Amino acid sequence: MEDFHKTRRLPPYVFEQVNRLKAKARAAGADIIDMGMGNPDLPTPQHIVDKLVETVQNPRTHRYSASKGIPGLRKAQANYYERRFGVKLNPDTQVVATLGSKEGFANMAQAITAPGDVVLVPNPSYPIHAFGFLMAGASLRSIPATPGPELFEALERAVIHSVPKPIAIILCFPANPTAACADLDFYRDVVAFARKHEIFILSDLAYSEIYFGDTPPPSILQVPGAMDVAAEFTSLSKTFSMPGWRMGFAVGNERLISALARVKSYLDYGAFTPIQVAAATALNGSDACIQATREVYRKRRDVLVDTFGRAGWDIPSPEASMFAWAPIPEKFEHLGSLGFSKMLIEKADLAVAPGIGFGEHGEGFVRLGLVENEQRIRQAARNLRKLFDNSKSL
């Protein structure tokens, strides 16, 4: 039997091959150090958990919730944006709570896309950025995943040569998977371009609080005029170690936010109310837990770059995000990112994400998530050293 139309448009899920191999190795007793999935391993801060437990005791919170988010949560997100970015948002018209940023992106695609619309997507990129629009019937055109002249050249070409004209530009900084960062000057230029050509911008800012330099990553909405064309997606998953809680936000342009809210009103009743109350507590609370989480990732990054480097794998040190984007060592380039990832599971008990899973321009790289503790990262480095040393004698 043939696949259904929408599933037929989706390419094979590359990561599934690695996941099967990982499960097989574990079933055989291997201790796999898993740096493949960006699944935070740190516990959610206790005060957030306590608020959830307290709220769930009230039977009134067990009823249907609000699809666009309870008022207190939307207000908390607006207050966060004002504190962190100096951006004023109307909680009623410019903020929607989502079931994580992934769901927000997918439903925004459903809300604004007509069959055949052209969307400009970074390559390599987090899969939902492309596949959310693919499932909505869009045609995709790749643009570079790093900020710079090449990206603007690609945007200019896209406007000239795409039929119909692109409806949206997807951005993600700090980037998943590459960890690339953008500054306000870059955002100013993108906003000017989008306003000139009447194209929307959808910005993924999920890693805004996981940064290691002195300058926090900016929001595109800090740029004057951005509100005319841009919506931005954030998530509590990484900031507060709440991945399983599925809580995120879309904020910004009222027309985009209204369209997303309308689609969501037909599809869900929002997150469980106690989760939303606890999420508001997270956003309204002290930044101390965010700083502590950031420091954990910084130490893991430093251990990874140091120990893997001494094992023989030089990995660029990421400025932000919970990922390192690592070129495949020269002697293993012929394997490709999927082959190299499979070899690491079989011969080094290490799981990583093959770059090809993030788009064709991810080939030649793998993504490592900083989701194992320092001791496990050091163990992975020892396993790698043995593999690399053995490969010299082949």
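Before moving on, here are some points about what is shown:
- Candidates Ile128, Ile201, filtered to the one that is under 27 Å from Met247 (Cα atoms), in contact with a strand residue (DSSP E or B) (Cβ under 8 Å, 6 or more places away or on another chain) and in the same structural domain as Val251 (by TED's automatic domain parsing): Ile201
- Selection within segment 211-256 - closer than 20 Å to Asn284 by Cβ and in a loop (DSSP other than H, G, I, E, B): Pro216, Ser219, Phe240, Ser241, Met242, Arg246, Met247
- Every pair of residues 6+ apart whose Cβ atoms lie under 6 Å, when the first sits in segment 339-362 and is polar (S, T, N, Q) while the second is outside any helix (DSSP H, G or I) and crowded, with 23+ Cβ neighbours inside 10 Å: Ser341/Val352; Ser341/Pro354; Ser341/Val366
- Identity of the residue in segment 11-48, of a type in the set (Val, Ile, Thr) and more than 20 Å from the chain's Cα centre (by Cα), that ends up farthest from Ile377 (Cα to Cα): Ile48
- When Asp3 is tested against (1) surrounded by 11 or more Cβ atoms within 10 Å (Cβ to Cβ); (2) not in a helix (DSSP H, G or I), just one condition goes unmet, and that condition is (1).
- Residue within segment 40-47 that is at pLDDT below 95 and touching a Gly at 6+ places or on another chain (Cβ under 6 Å) present: no
- Segment 266-278 residues that are at positive phi, paired with ones that are of a type in the set (A, V, I, L, M, F, W, C) (beta carbon under 6 Å, 6 or more apart): Gly270/Ala66
- Output for segment 77-106, where each listed residue is among the hydrophobic types (A, V, I, L, M, F, W, C) and within 15 Å of Leu283 (Cβ to Cβ): Ala78, Phe85, Val87, Leu89, Val95, Val96, Ala97
- Condition check for Val366: aliphatic (A, V, I, L, M), modelled with pLDDT of 95 or more, surrounded by fewer than 24 Cβ atoms within 10 Å (Cβ to Cβ) and outside any helix (DSSP H, G or I): no
- In segment 214-236, residue farthest from the chain's Cα centre (by Cα) [restricted to those that are surrounded by 22 or more Cβ atoms within 10 Å (Cβ to Cβ) and of a type in the set (Gly, Ala, Ser)]: Ala226
- Tally of residues being of a type in the set (A, V, I, L, M, F, W, C) and buried (at least 19 other Cβ atoms within 10 Å of the Cβ) across segment 53-71: 1
- Considering segment 187-213, and only residues there that are closer than 20 Å to Val119 by Cα and among the aromatic types (Phe, Trp, Tyr), the residue that is surrounded by the fewest Cβ atoms within 10 Å (Cβ to Cβ) turns out to be Phe193.
The values are calculated or read from the model by the stated rules, or taken from the named source; none is laboratory data. Predicted model only: the values in this text are computed from it and were never measured. When we count neighbours, we look across all protein chains shown, and the Cβ atoms used for this are built from the backbone with ideal geometry, even at glycine.
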